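The structure appears below as structure tokens.
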Amino acid sequence: MPESSPQSSSSWTSVRVRPAHNDESARQACLAALFSVGAQGVHEDTGSLVTHFAPDTDLVRVHAAITEADELAVIETSPVPDIDWSEAWKARLVAHELGALTVTPPWLSADMDPARTIIIDPGMAFGTGDHATTRGVIRLLPSVLRAGDIVADLGAGSAVLAIAAAKLGASRVYAIELDGEAIADAEQNVQRNGVADRVHVFEGDAAAFLPVLAPLRVVLANIISSVLVELLPVIATSITSDGGVIISGILREERTQMLDVLAATGWTLLAEDAEDIWWSASIARG
């Protein structure tokens, strides 16, 4: 429920959204709504989603989109100082050293080894290395991936995980993303990182693509838990008998429930990673 409904502003406006329910589906719905009305970047702050809109943004439209996604969400708007937000946004982003690989924005990459560096230009697509779920998958990846593997990255976003798999030795990686607006960013990132010969970006539904691409040795799935559970059966029939899967996008509080689902559907937990409120795991059949 919005606290105010301004028409527009002559200065930048800060918008803070607190979803009504403390779960990932509500967060994702509000996040998608913010991007749909022009947000260029969103960060999390103690349970709220925070972004900034340029002068003359139709804030009524912003409010409407958020309340359509979550009618009980609390929305707070306030004017912000007139500063260079492109530089301020850059200042927030850092390079993340994740074992064998480092994920970094372009302006911090000059002195880094290209072979072990993933350069991601922050855009609308999810996956800059700035989120714990991305970092969890990359930390688990070396223990699952073998040189020459064929890999699928489901819900690829910026293609950061697909690029990581290629740089760690995969011979072919399919980056599958349902959101058409993320495809251009993903393709640019693949080119920027010099892995276009191994990483192929596809727009569409992972459930439809997986049987066509099978057999796959590794599947990466950094998506919300409800969608992940729906995909587990088709993932199971699309991997090789010795294949491995890394799952992420799962809240720590969902860990027990997810382990029960995995056990009931024939999966074995191989390793796990936890950071902040997020849980990631590598799993295998049997």
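No lab work stands behind these numbers, since they all come straight from the coordinates. Keep in mind that this is a model prediction, so the values were computed, not measured. Ideal geometry is used to build each Cβ from the backbone, glycine not excepted, and the neighbour counts take in all protein chains shown.
If you rank D153, D276 by fewest surrounding Cβ atoms within 10 Å, what's the result?
Sorted ascending by nearby Cβ count, the order is D276, D153.
For segment 99-160, the Kirkwood radius over C-alpha pairs fed into Stokes-Einstein at 10 °C and 1.306 mPa s yields D = 126 µm² per second.
Taking the longest Cα principal axis of the chain as reference, the axis of helix 132-144 is set at about 10 degrees. Amide H contacts under 5 Å for F202: A175, I176, E177, restricted to partners 5 or more places along the chain or on a different chain, H placed in the peptide plane at 1.01 Å from N. The phi torsions of segment 22-29, fed into the Karplus equation with coefficients 6.51, -1.76 and 1.60 and a -60° offset, translate into couplings of 7, 9, 5, 5, 5, 4, 5, 5 Hz, rounded to whole numbers, with Gly and Pro shown as x.
Computed over the chain with a Gaussian network model linking Cα atoms closer than 10 Å, the most mobile of G155, G244, G99 is G99. Of the residues E177, E71, E187, the one that moves most in a GNM of the chain with alpha-carbon contacts below 10 Å is E71. Using a Gaussian network model of the chain in which every pair of alpha carbons under 10 angstrom is joined by a spring, one finds that among T77, T46, T268 the greatest mean-square fluctuation is at T46.
Please determine, in degrees from 0 to 90 and to the nearest 10, the orientation of helix 59-69 with respect to the longest principal axis defined by the Cα atoms of the chain, where the helix direction is its Cα long axis. The answer is roughly 40 degrees. For the chain, a simple Cβ point-charge model (Lys and Arg +1, Asp and Glu -1, everything else neutral) yields a dipole of about 940 debye relative to the Cα centre. Between 0 and 90 degrees, the angle of helix 225-238 with respect to the longest Cα principal axis of the chain falls at about 30 degrees. Taking other Cβ atoms within 10 Å as a rough exposure proxy, M112, M258 sort from fewest to most as M112, M258. Dividing the convex hull volume of the alpha-carbon atoms in segment 93-285 by its residue count gives 101 Å³ per residue.
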